[in-house]
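Step one of this worksheet: look at the structure below.
Coordinate-derived values only; no laboratory data. Just so you know, these numbers come straight off a predicted model, no measurement behind them. Methodologically, a virtual Cβ is constructed for each residue, glycine included, from the backbone with ideal geometry; neighbour enumeration extends over all protein chains shown.
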Amino acid sequence: MGDVFTPEDGEIFEEPFDEALSKRYLAYALSTITQRALPDARDGLKPVHRRILHAMRVLKLNPRDAFKKSARVVGDVIGKFHPHGDQAVYDALVRLAQDFASRYPLVEGQGNFGNVDGDGAAAMRYTEARLTEAAELLLQDIDQGTVDFRETYDGSEEEPIVLPAAFPNLLANGATGIAVGMATSIPPHNVYELCRASRTLISNPEASVAQLLRSVKGPDFPTGGICVEPPEAVREAYETGRGGFRLRARWDTEDLGRGTWQIVVTEIPYQVQKSKLVERIAQLLDQKKLPLLEDVRDESAEDIRLVLVPKSKNVDPAVLMAALNKLSDLETRVSLNLNVLDPAGTPRVMSLKDALRIWLDHRREVIVRRANTRLAKVEDRLEVLAGYIIVYADLDEVIRIIRFEDEPKQELMRAFSLTDRQAEAILNMRLRALRKLEELEIRKEETNLKAERGELKALLASEDKQWATVDGEVAELETRYGPRTELGRRRTDFEEAGEDIGDVVAEALIVREPILVVVSQKGWIRALKGHGHDIGAIAFKDGDSALFTVKCETIDKLILFATDGKFYAIDASKLPGGRGHGDPLRLHAGLPEDAAPLALFKHDPERELLIASREGNGFRVKEGDVFAFKKGGKQALNVGEGEALACVPVSGSKIAVSNNKKRLLIFDLEDLPQMSRGKGVRLMGGKGAELIDVTTFDPKEGLAWIDGAGRRHVSEDWRDWEGKRAQAGSVRPRGFPKTGKFLPSDPVAVARAMDSA
C-alpha cells in the first residue's frame, strides 16, 4: 500500500492525494471482493460462513449431537476466527438455518429463526444450533490433511482456507453478494441434478453445457414456484454465466360451488416476503388498479395459502393472475451472475461447466491429499508393527534390556536392528500386549495394512482410479439426495410462459367507462367522463376552443394524424381528467413543434383511411399498418417541403376532392391505390391548384356537406362532377361552402348538423 505514517517512525511521507487514495481504495476493494462478497468456487462459501461451520465443528455440534446456544457459536466465531460484529455473524448463521432461504440448510436451528413473512429471528441467546448433514459433508475429512490451514487474525488459532466440500454447495445453495465494481448472484439448484451433470462431466470432460443441461433443468428454489424462462435463454445463461430466470407463484383455482371460485396461491417466488406481497396487493386494490380482484386474504399456517377473490365469477383466472404478476411480486426475475473466486483467488464469471469442473478438480485433490495422509499413517503403523513382530521372537531379551540397561532404547535398536520409531513404540508398549494372542492380532493387522497400502499407492499412481473414486462419492451423494427423498425432490417446476396476453391484461387493469376526448385549438387534450356532454358548453382557456371531440372508452386507443404526414398513437386511459384544461397534446402524442394535428379517431385496425397532401397527392392506407406506440410517430405520407392536408375514414366507393380553384372532382375509390407509406398519386389536376378538402361517400346516399350556417346538404346530382382521377374537375355546385370544405372546422357546428340530420 506504499508508505503510510505510523506512530513508531514519527515521520510524515508526502504523497499525491489521488495516488494515496487510489492505493488505499484498491486495497479496500480487493479485501471486499476476496474476503466478504464473493464465494469460493470450490466450497461455495464466503469466509464468514466457512468460519461459522468450522467453529461449530470445533464445538462438536454434529448432526447427531446436542444443540448449543447460538450465542456460544457466535462468541467462538468472533473470538477466534472472525473479528467483526456479533450481529453480522448471527445474521449469517440465521440465513444458513432458514429452510426458505437455503435450499439445503447448513445449520439446523432450534427456536425462532424467522419466517417467510420477513419476521426476524429471536436474539442469539434464545436460539440453539447444530450442523446438518450437508454441512457435515462440507467438513468431511477436514482432519485428514485434505485442505490447507492458515493462522487466524491474531495468530492464536488456525482456520481452513477452504473446506473439503464433498457437497456441491456453490450451485446447490447459491450465493449473493455485492463487492466493489462487481457482484454475484447464484440461484440454488437441485443436488441430484448437479450430481448427474458432474458424473457426465467425469465420464466426458469435453461435454458441452447443452449436454449438462440434460441433467440440470435449471434453478430449484426452496420456496418452489414455477420457472417460465424459455429454454434458449436458460442455455445462454448457463453458457455465459450471466442471465436471469422468470419465476412465478404456484396457484390453483378452488371451486366454491354454484359457479363461484377463488384462487389459492400455495408457493411464492424466492426471497419474496409474504407480508409485503399481501400488503402490495392490498394497496393495488385501494388504488383501484385491480378491477378484476375483490379481496385478498392470508390464510397461511405452516404452509402458504393466499386467497384471491375475483370480482365476478365470469373473470378469467389466467387474466387475473397475469394482471397480478405484472403489478406485484407474484412474478419476479431472479438474476444469474456466476461471478466467483477461482482456486487462485481471482474473481471471474464462469459457465455451469466451469463451476462444476472446479468443484470436481477440488474433490480429486482432496482425495489425493487424503490418500497421501492415510498412506503416511499406514507406513508409520507398519513400521511399528514390524518392530513388534521382531521383538516377539525374543521377549525375554527385551524384558532384560528394559530392566537392566541404562539406555534401553539404544540397546534395543542395536540388539534387534530397530529404528528409533520402533524402539520408542516398544518402550511405550503395555505389559498386557505381550500375550501370544496379541502377536496374532498384530500379524493380522499388518496383513490388512499392507493390502491397504497397495490400494493407496495404486490410487495415487492412477488418475483414472482417482476419478473413479470421485465418481463413486458423487454417485453416493446422488443416491442420498435422490428425487424420492424429501430434501432431494425438485420443488421448482418449469412451464412455458404461455401466449402473450399483455393487451388483455392492460385492458383488465383499466376501469372501463365512457369518456369524451377533447382536443383544443391550442393543443390541449383531456378526457371528460360520459358521452352526454354539450360540446358548446365545454370550458376552455381564454381564446381557445374545441378542435376535435371523440366519443370512446377508457380502454380504447386513439390515432392522430398530423401535418408532417405521421400517425401518432394515444392511450385513452392515460389522458388527464376533465376538471382542468388537460395536458399539452405533445406530451401524449410526441408531436414536433412544426407539426399540427389534422384528425383524431378511435383506433380501428380494420378501418381504411384516405390521406392527402396540400399538393394534391394521396392514397389509401390500412389503419392497422400505421398504428404504433412510437415516440416519434409512424410516417405514412411523404410530404417533402409541403404538408399533409386531410385524413378521412373510407365510408363509400366514391371520392370527392375540392381545390382552391373552386372546383370539385368525384372519381372511383378503386382508382386510388392502397399503400402503407409513400407520396401517393395525383388526386386532382389543375395548374397552380392546391387541395382544400377530400371526402368519401356512398353513391346511393349522395354527396353531403355542411354550409357555413351549420345546415347539412345532400346532393343526388353528384354525377355532374364525376370524372377520372387527376382531372381538373368542374365548378362546385351552388350552395357549396365558400371555404371549399365538406365539413367546417368547428366541431360544434358539425355535431349540431349531424344531430339535426
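Under the rule a/c < 1.5 gives rounded, and otherwise a/b versus b/c splits prolate from oblate, where does the stretch 250-329 land using the Cα gyration tensor? Cα axes put the stretch 250-329 in the oblate bin.
Shape of the stretch 510-603 from its Cα gyration tensor (a ≥ b ≥ c, root eigenvalues): rounded if a/c is under 1.5, otherwise prolate when a/b > b/c, or oblate? Because a/c hits 1.5 or more and a/b fails to exceed b/c, the stretch 510-603 counts as oblate.
The rule of thumb for compact globular proteins, 2.2 N^0.38 Å, goes into the C-alpha radius of gyration of the chain 1.53 times.
The modelled label-to-label distance for the pair GLU495/ALA537, using points 7 Å beyond Cα in the direction of Cβ, is 5.2 nm.
Placing a label point 7 Å from the Cα of THR485 along the Cα-to-Cβ direction, the residues of the stretch 60-92 whose backbone N falls under 19 Å from that point are 62-65. Modelled spin-label separation between TYR28 and GLN273, with each label point placed 7 Å from Cα along the Cα-to-Cβ direction: 2.8 nm.
For the listed residue pairs LYS566/LYS630; LYS289/LYS326; LYS46/LYS69, the alpha carbons are over 19 angstrom apart in LYS46/LYS69. Candidate cross-link partners of LYS551 among the lysines, defined by an alpha-carbon separation under 16 Å and a same-chain spacing of 8 or more, comprise LYS529, LYS574, LYS602.
When the pairs LYS700/LYS724; LYS522/LYS662; LYS522/LYS622 are compared against a 26 Å limit on Cα-Cα distance, LYS522/LYS662; LYS522/LYS622 fall above it. Computed from the C-beta positions of GLU445 and ARG400, the FRET efficiency with R₀ = 25 Å rounds to 0.40.
The sum of -39500 (n - 2.57) across all DSSP H runs of n ≥ 4, divided by the residue count of the chain, sets its helix-only mean residue ellipticity at 222 nm to -10000 deg cm²/dmol.
Estimated at 0.36 nm per residue, the fully extended path between ALA628 and LEU21 surpasses their Cα-Cα distance by 213.3 nm. If r is the Cβ-Cβ distance from ARG381 to SER156 and R0 is 41 Å, what FRET efficiency results, to the nearest 0.05? The computed FRET efficiency comes out at 0.80. What whole number of Å gives the distance from the Cα centroid of the stretch 31-78 to the Cα centroid of the stretch 390-409? Answer, in whole Å: 51. Give, as a single signed number, the net charge of other residues whose beta carbon lies under 10 Å from the beta carbon of GLY633, with Lys and Arg counted +1 and Asp and Glu -1. Within the 10 Å Cβ shell, the charges total +3. The distance between label points at GLU670 and GLU206 comes to 6.8 nm (points 7 Å beyond Cα on the Cα→Cβ vector). Derived value for the stretch 609-757: Kirkwood hydrodynamic radius 15.8 Å. Basis is the mean of 1/r over every pair of different alpha-carbon atoms. In the chain, taking the dipole from charged Cβ atoms about the Cα centre, the farthest positive-side position among PRO514, ILE161, LEU306 is held by PRO514. A Förster radius of 56 Å combined with the Cβ-Cβ distance from GLU11 to ASN62 puts the calculated FRET efficiency at roughly 0.55.
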